[in-house]
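Take a look at the structure below.
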Amino acid sequence: MALYGLLALAATGRSVLQITEYFDRAPLAYVLSAVAAVIYLVATVALARGDRTSRRVALAAISVELVGVLVVGLASYLAPQAFPDKTVWSHFGSGYGYVPLVLPVLGLLWLRRTGRSPHDGDGDTAAGGRSVAA
């Protein structure tokens, strides 16, 4: 969670500066930085809350994050003119020590590892403790 919070702050600061000062230079790249910042904020809050709905929100946010860093990372190599300045996800997060590439994988693994047991009393079990098929 701490890494997500740190990236949320860093990405927000970077995107605000880029959009307010240099937007005409690379609008697509800077908007994508802002999108990354929002995703990091959502993931941070959802992971911190930890309830069932928040875990689902975190799963969605982290999944979008992983797709985003892969797509933007690849696009920044294939169309470098669209990314004249580094963004959070350009070059697979190289400007951030590749943390944006590794973090969603770790986040997904963490969500999987800390997932609820089907027998934790959340209302999804049948009599006798067996899971109800969905």
**Message:** Using helices alone, I'd like the mean residue ellipticity at 222 nm for the chain: each DSSP H run of four-plus residues gives -39500 (n - 2.57), total over residue count, nearest 500.
**Reply:** -22500 deg cm²/dmol
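Which peptide among 70-78, 88-96 comes first, and what is the full order, when sorted by highest mean count of other Cβ atoms within 10 Å?
Numbers: 70-78: 15.7, 88-96: 21.6.
Per-residue mean Cβ counts within 10 Å order the peptides as 88-96, 70-78.
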**Prompt:** Based on the inverse mean of 1/r over its pairs of different Cα atoms, what is the Kirkwood hydrodynamic radius of the range 7-48, in Å?
**Reply:** 10.2 Å
**Request:** Using only Cα atoms, tell me the angle between helix 2-22 and the longest principal axis of the chain; keep it within 0 to 90° and round to the nearest 10.
**Result:** 30 degrees
**Complete:** Along principal axes, largest first, the alpha-carbon spread of the chain in whole Å comes out as 63, 26, 23
**Prompt:** Tally Lys/Arg at +1 and Asp/Glu at -1 over every other residue whose Cβ is under 15 Å from the Cβ of Ser90; what's the total?
**Reply:** +1
**Item:** Cα-based helix-to-principal-axis angle, 52-78 vs the chain, degrees rounded to 10
**Value:** 30 degrees
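Quick note: the coordinates plus some simple rules give every number you see, no bench work behind them. Computed from a predicted structure; not experimentally measured. Positions of Cβ are backbone-derived with ideal geometry, glycine not excepted, and every protein chain shown enters the neighbour counts.
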